[in-house]
Amino acid sequence: MTVKVSPKYQVVIPEEVRKALGLKAGAQVNVIAKGKIAYIVPVVSLKEIQKELHGRLDQKDLRDKKDRFE
């Protein structure tokens with residue numbers, strides 16, 4: 001997809017891309033330049049990560065105390 005850079009250096013993220021990334025108005029994103037490529041990466045809050053992982057880990061998945069670095 002091609003978008004145009006405005007005189008204020010703004011771009012509109014196409015609807016298809018917004019949906020694929022789950023972006024809503026006011027969402028924060030990181031823009032990362034690698035060489036001549038710019039990546040748009042949604043910023044995910046700790047709360048969102050916890051919500052996503054809730055119930056997926058159980059006690060057997062946690063390391064024993066003896067395995068931890070102190």
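The values are calculated or read from the model by the stated rules, or taken from the named source; none is laboratory data. Values in this document were obtained by computation on a predicted structure and should not be read as measured data. With ideal geometry, Cβ positions are generated from the backbone for all residues, glycine too; neighbour counts draw on all protein chains shown.
Checking each residue in segment 13-40 for being surrounded by 11 or more Cβ atoms within 10 Å (Cβ to Cβ) and assigned to a strand (DSSP E or B) picks out VAL29, ILE40. Could you list all residues from segment 51-68 that are modelled with pLDDT of 70 or more and either over 30 Å from VAL12 (Cα atoms) or assigned to a loop (DSSP other than H, G, I, E, B) (or both)? Listed by number, the residues that qualify are LEU53, HIS54, GLY55, ARG56. ARG56: at negative phi, surrounded by 10 or more Cβ atoms within 10 Å (Cβ to Cβ) and under 20 Å from the mean Cα position of the chain (by Cα), yes or no? It is false that ARG56 is at negative phi, surrounded by 10 or more Cβ atoms within 10 Å (Cβ to Cβ) and under 20 Å from the mean Cα position of the chain (by Cα).
No other residue among LYS8, LYS34 is under 27 Å from GLU52 (Cβ atoms) and of a type outside the set (Ser, Thr, Tyr) apart from LYS34.
Here GLN10 clears all of (1) at pLDDT below 95; (2) exposed (fewer than 10 other Cβ atoms within 10 Å of the Cβ) except the condition numbered (1).
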